[in-house]
Amino acid sequence: MKKTSINTGTPDVKVDEAALVTPFVKCLARLVRAQDTYGSQDRASDAELLANFVITEEQRREIPIIGDPGPDVMLRFNIFYTAVALSIEARTGLVASPITMISHEGFGRVLLTTGRLVVFSKTVRDIHRFGFATLRKLAEAGAKLVDDATAAIETYPEVARA
């Protein structure tokens with residue numbers, strides 16, 4: 001694969017087979033495939049589908065510090081947190097709901113709730129620069145969020161089931 005610009009195509013992604021077989025990344029790939037209603041990416045591998053989530057340091061430097069997130073970035077952002085919620089649900093059997101409140105400037109908040117329990121809360125900024133350095137970093141970030149949320153559910157099961 002050759003490198004392409006952040007604005008002209010997908011970044012160069014070194015295939016990390018270990019990352020691609022994790023439950024979180026499999027869930028994320030399923031969600032990305034579900035967004036392809038015309039089937040134009042049916043033959044694409046999971047690594048090719050998830051390439052848009054990878055932003056190298058060089059590409060990150062090309063992105064201005066201040067900028068408005070485009071619809072593609074917002075879709076990736078929302079799919080990522082939806083995959084976290086579905087992975088939590090798969091592990092615990094409880095429905096997890098992502099709630100994102102993002103301004104047009106790319107600042108806001110992400111919450112994940114299960115029952116009456118907030119299992120994840122984060123203030124976000126610079127959404128237009130959303131991405132991970134490698135597929136492995138993507139897999140690790142998603143797995144950590146799922147692990148932390150599962151630990152919160154196990155700590156407060158009555159609130160999570162309320």
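Pairwise Cα distances in region 73-162 exceed 16 Å in 52 percent of cases.
Note on the chain: with neighbouring protein chains present and a 1.4 Å probe, carbon and sulfur make up 54 percent of its accessible heavy-atom surface. Exposed loop sites, defined as trypsin sites (Lys or Arg not before Pro) outside DSSP H, G, I, E and B with at most 13 other Cβ atoms within 10 Å, are absent from the longest region of the chain, namely 44-115. Accessible surface for region 11-106, divided over its residues, is 57 Å² per residue with a 1.4 Å probe. Dividing the radius of gyration of the alpha carbons in the chain by their Kirkwood radius gives 0.98 for Rg/Rh. When only Cα pairs below 8 angstrom with a gap of at least 6 residues are kept, the chain shows a relative contact order of 26 percent.
Taking the charge dipole of region 7-162 about its Cα centre, with +1 at Lys and Arg Cβ atoms and -1 at Asp and Glu Cβ atoms, the residue from L86, L138, F24 reaching farthest to the positive side is L86.
The values are calculated or read from the model by the stated rules, or taken from the named source; none is laboratory data. Here the structure is a predicted model, which is why all the values come from computation and not from measurement. Glycine gets a Cβ as well: all are built from the backbone with ideal geometry, and neighbour counts include every protein chain shown. These accessible areas exclude ligands, DNA and RNA; they are computed on the full protein's heavy atoms, side chains included. Shrake-Rupley method; radii C 1.70, N 1.55, O 1.52, S 1.80 Å.
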